[in-house]
Amino acid sequence: MTKSPATTHPLAELGFAHRLERPERANGDVLVLLHGSGGDEETLIPMAREAAPGATLLGVRGRVMQDGVTRWYRRVTAVRFDQRDIRSEAQAFADFLGQAVETYGLEEARLGFVGYSNGANLVAALALLKPRLVRQAALLRAMPVLDKPPAGDLSRSRFLVVAGRDDQLYARYSPALEQALSKRGALVEAHLIAAGHMLTEEDTRLVGAWLAGGPAVSMATE
């Protein structure tokens with residue numbers, strides 16, 4: 001499929017380095033893509049092109065550099081995180097989204113999010129902190145990172161949560177994230193697939209089916 005030229009912007013312009021890509025026959029949907037640790041604004045674009053060929057893609061790079069690795073917020077250990085940094089970066093990202101919607105003429109009501117690992121965690125935190133902003137999000141290899149999340153209303157939001165059965169460090173936390181979203185009223189579709197922490201074609205298939213609103217039954221789900 002022919003694409004219109006992508007636009008890459010430096011960090012200074014709208015707060016976050018990002019890449020905007022519009023397909024030639026855009027359907028009005030917008031996917032905001034948040035990479036995992038060490039990734040950048042390009043990382044999830046190939047997967048998103050396949051999962052949602054008609055969507056405008058907005059790949060964004062996290063602003064935090066820790067130990068030479070690009071991240072969305074600072075971590076203390078592999079499973080403990082700087083709470084102040086999560087909240088401040090979530091607010092900065094929300095401000096950036098508002099500017100991006102206005103600058104690029106995007107429809108806020110048609111924003112969706114795809115996050116992987118560290119990026120998925122930021123999206124989940126953003127949903128809990130600003131429930132009206134995140135209406136649909138695919139969270140891949142995610143875990144809850146807020147120690148004291150607020151009691152928000154997510155009854156108008158839906159989430160896809162995909163964990164890897166062989167992801168020995170993070171898969172154990174996926175049920176807690178699903179519960180945190182569900183107890184606030186969100187519609188959550190969860191899958192445990194035959195994979196580790198890295199993304200697979202099954203993730204792409206599940207995301208595509210979920211975005212299309214169709215059944216996303218995974219043959220690899222246990």
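The values are calculated or read from the model by the stated rules, or taken from the named source; none is laboratory data. Computed from a prediction, not measured in an experiment: that's the story for all the values here. Virtual Cβ from ideal backbone geometry, glycine too; neighbours counted across all protein chains shown. Side chains are part of the model used for accessible areas, which takes the heavy atoms of the whole protein and leaves out ligands, DNA and RNA. Shrake-Rupley method; radii C 1.70, N 1.55, O 1.52, S 1.80 Å.
Brief remarks on what is shown
- Accessible surface of the chain [probe 1.4 Å, protein heavy atoms]: carbon and sulfur percent: 50
- Per residue accessible area of the chain, 1.4 Å probe, in Å²: 46
- For the chain, share of DSSP beta bridges that run antiparallel, in % to the nearest 5: 30
- Summing +1 for each Lys or Arg and -1 for each Asp or Glu among the other residues whose beta-carbon sits under 13 angstrom from that of Ser182 gives 0.
- Cα centroids of segment 141-195 and segment 37-69: 20 Å apart.
- Taking the chain as a Gaussian network of alpha-carbon nodes connected by springs under 10 Å, the highest mean-square fluctuation of the residues Met65, Met143, Met47 belongs to Met65.
- Top of Glu102, Glu50, Glu189 by mean-square fluctuation, Gaussian network on the chain, Cα under 10 Å: Glu102
- Nearest-20 debye value, segment 102-172 charge dipole, Cβ charges on Lys, Arg, Asp, Glu: 180
- Net dipole in debye of the chain [+1 Lys, Arg Cβ; -1 Asp, Glu Cβ; about Cα centre; nearest 20]: 520
- Radius of gyration over Kirkwood radius for segment 92-193, both on Cα atoms: the Rg/Rh ratio is 0.98.
- Among the trypsin sites (Lys or Arg not before Pro) within segment 129-215, those in coil by DSSP and having at most 16 neighbouring Cβ atoms inside 10 Å are Arg132, Arg156, Arg165, Lys183.
- Selection from Ala26, Leu126, Val101, by position along the positive dipole direction of the chain (Cβ): Leu126
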